Each structure stands twice: as structure tokens, then as C-alpha cells.
Amino acid sequence: MTAQQPDYPRGSAPARLPLHSPRCMGCGPDNPAGLRMRAFRDGDEVNADVVFDEHHVGAPGLAHGGAVAAACDDLLGFALFVAETAAVTRSLSIEYLAPVPLHETHRITARIQAQDARRLNIAATGAGPDGTVRFTAEAVFIVVSLQHFLRHGDPDGVWRLLDRLTDGNADEALRTAAELPEHPQPGTEEGGWSS
Ligand SMILES: CCCCCCCC(=O)SCCNC(=O)CCNC(=O)[C@H](O)C(C)(C)COP(=O)(O)OP(=O)(O)OC[C@H]1O[C@@H](n2cnc3c(N)ncnc32)[C@H](O)[C@@H]1OP(=O)(O)O
């Protein structure tokens, strides 16, 4: 059985955020073993519903702790749209407060707690259908330039992501990134997604 991400069932006027990639383990619709989360921005918060299924089993009937951590990491990454900077997870800490049953919808909500130079502290909560918080996450993200992804990842995939984020201006974004220092400061023009 495959997790079916429900349409956005709660809240008001959320803005759907772009995928990290079609095969992203957290948000990619084309990853059959993925979590297929659909992330939304609601003011300074981001959220997504996740339904763990047989691909994500730990103990029988329950989600694997690593799958819960993956869902949190992916949603925390969407908070970068609020910060308007590219960054990567440096540390991630999960509190598993209660078992997470398969096939139940969990709403994960994340918010930036603090930003200091290149360091972003981002926190999330994950609640079951009755609103009970079953897990929380705290992470440190470190701001990086686009060169980080070009140097270490798949340049074609980065190009496609940028093309979506910049309305077809990936060429210019990548050209500009190539002229930037490796680690721009957040809040500067160089630190933004469009740089
Ligand atoms: C484009 C789509 C984006 C989607 C985002 C999805 C999020 C993800 O899942 S990313 C995947 C998992 N993460 C990774 O692959 C990251 C791998 N790690 C790295 O590449 C490097 O360690 C990297 C870039 C984070 C930092 O490298 P480097 O620049 O050498 O860092 P380093 O000098 O050690 O530390 C940088 C700063 O962070 C601080 N810092 C580092 N770790 C921590 C920590 N755990 N807590 C607090 N501060 C820390 C350091 O003190 C330092 O601060 P300052 O600049 O003030 O001196």
C-alpha cells in the first residue's frame, strides 16, 4: 500500500511550496518508497501532512524512527523558503514522544527559532489526528551557496530545481552563483534562493 498524501485538510490560505525534486524521499511524487509530503507555507510556518505506510515500518504497525526523522528533516528544509536562503542540515535531534501508527495522518509544522550568521535553528512538531504531539524535531541548518549543491550533488538536478524556483531563469541563477563566494552570509543578496 502506498501513502496517499491527502489534500490540504486544515488551516486557511496556505501557499504550496515547490518540490525539492520529483524523486525526493520526503516530497517527491515519483519516489515509490518516499513519503510524498506536500509542503505549504502559512505565514512564518511551514507544514505538511505525512502518512507513514508499509514502506516505513519499524515495529509492526508503527513508523520507523528513521522515517519519522526523514519526514522532519524534509519539512524543516522547507522552512528555508521562509528564511529565503539555501542551507543544509548539520544536526538533527528527534524526540519520540509517542508511537506513530501507520496510516494515520500526522501534521508536521516547522518554524525558524533563531538565525545567527550561517546558523539557523529550526524546530518542528508532529501531531496525530487528534492534535496530540507525538514527535518533535530540532535542527541546525548551515547556510551554503548554490555552489555547495553544484560541487557535491547532481548539477542537472540542481539546474531543474533552480529552473522551477526562478521561473525559468536557472541559467542566470547558476551563472551568478558561480561568481559568489562559497558561503555567503544570510540576509545578503548572495544568500537568497534566487542568487
Ligand atoms: C536545494 C535543496 C535544499 C534542500 C535542503 C534539504 C536539507 C537536507 O536534508 S541536507 C542533507 C543532509 N546534510 C548534508 O548533507 C550536509 C553535510 N555537511 C556539510 O556539507 C558541511 O558540514 C556544512 C556545509 C554543513 C558545514 O561545513 P563547513 O562550512 O565546513 O562548516 P563548519 O565550518 O564546520 O561550520 C560552519 C558554522 O556552523 C557552526 N556549526 C556547525 N555545526 C554546528 C552545530 N551542530 N550546532 C551549531 N553550530 C554549528 C560552526 O560553529 C560554524 O560557525 P561559524 O561560521 O560562526 O564559525
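The values are calculated or read from the model by the stated rules, or taken from the named source; none is laboratory data. The structure presented is a predicted model; accordingly, all values stated were derived computationally and were not measured. All Cβ positions, glycine included, derive from the backbone under ideal geometry; neighbour counts span all protein chains shown. Quick note on the areas: whole protein, heavy atoms, side chains included, nothing else; ligands and nucleic acids left out. Shrake-Rupley method; radii C 1.70, N 1.55, O 1.52, S 1.80 Å.
Please work out the Kirkwood hydrodynamic radius for the stretch 1-156, using every pair of different C-alpha atoms, and report it in angstroms with one decimal place.
15.7 Å
Here the 3J(HN,Hα) profile of the stretch 142-157, calculated from phi with Karplus coefficients 6.51, -1.76 and 1.60 at θ = phi - 60°, is 10, 5, 10, 8, 4, 4, 4, 6, 5, 6, 9, x, 9, x, 5, x Hz, Gly and Pro shown as x. With each label modelled as a point 7 angstrom along the Cα→C-beta vector, the Ala15-Glu172 pair spans 1.9 nm. Phi angles of the stretch 65-70 translate, via the Karplus equation with coefficients 6.51, -1.76, 1.60 and θ = phi - 60°, into HN-Hα couplings of x, x, 5, 4, 5, 5 Hz per residue; Gly and Pro are given as x. Its relative contact order, with pairs defined as Cα atoms under 8 Å and 6+ residues apart, puts the stretch 16-143 at 22 percent. Taking all protein chains together and rolling a 1.4 Å probe, Arg111 ends up with roughly 100 Å² accessible. For Ile94, what accessible surface area do you get with a 1.4 Å probe? Give it in Å², rounded to 10. Rounded to the nearest 10, that gives 30 Å². What a 1.4 Å probe finds exposed on the stretch 64-130 is 46% carbon and sulfur by accessible area, rounded to a whole percent.
Remark: the stretch 35-49, residue by residue, has Karplus-estimated 3J(HN,Hα) of 8, 6, 6, 10, 8, 10, 9, 9, x, 8, 9, 10, 8, 7, 9 Hz, where x stands for each Gly or Pro and the curve is 6.51 cos²θ - 1.76 cosθ + 1.60 at θ = phi - 60°. Among 69-82, 35-48, the peptide with the highest mean count of other Cβ atoms within 10 Å heads the list, and the full ranking is 69-82, 35-48.
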